[in-house]
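All remarks here apply to the structure that follows.
The values are calculated or read from the model by the stated rules, or taken from the named source; none is laboratory data. Computed from a prediction, not measured in an experiment: that's the story for all the values here. Glycine gets a Cβ as well: all are built from the backbone with ideal geometry, and neighbour counts include every protein chain shown. The protein model used for the area step is the full one, side chains on, heavy atoms only, and it has no ligands, DNA or RNA in it. Shrake-Rupley method; radii C 1.70, N 1.55, O 1.52, S 1.80 Å.
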Amino acid sequence: MGFFSRLFRIREQDPASPDTTWAMEDNGSELVLDPEYATMLMTELDIDAAIAGHEKYRLRLQDMVTGRSQDVMRPERICHDDRCDLGRWLYGTGKVRLGHFPAFDMLVARHRYFHQQAADVVIAYQGGDQQRAEQLLNSSCRHASNQVLLLLKELKRGLGR
């Protein structure tokens, strides 16, 4: 079971039933969502689109570093994690709905770190340090990106989709 799956598990058990396998006081570490609430969250954020957008962004960086693209990327904009679609959701509706859960904070932190690493890749590349740009892209930036993707996939699975 994945990280978010443990935290975003939909519970349909009756707390008064002797068959219930969890106690109300144990829910501090789990988000208890009824199916309607989970559906509402899914309409507010298209997780598949967020995943695709994030992967597309990483490919843009890779194309830039490998010379397959002449796309001019601006590190002073890239470093801001609240300007992409996912970032706007994380700092807006997502924060309102899920911001009180530690797992949500982890997604925000990993997303922020990805943007910082992406900006560092662009700075190195535009500064003429191709080797450093490739090294950053294939290490810390890729790792951060993979973490964001994993957390998004776990969020999707946890919401029952």
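The residue among 124, 147, 65 whose Cα reaches farthest toward the positive pole of the charge dipole of region 59-161, with charges on the beta-carbon of Lys, Arg, Asp and Glu, is 147. One quarter of the convex hull surface built on the alpha carbon atoms of region 42-82 amounts to 3.5 nm², the projected area averaged over directions. For region 69-161, the share of accessible area belonging to carbon and sulfur comes to 49 percent (1.4 Å probe, ligands and nucleic acids excluded).
Estimated at 0.36 nm per residue, the fully extended path between residue 72 and residue 55 surpasses their Cα-Cα distance by 4.3 nm.
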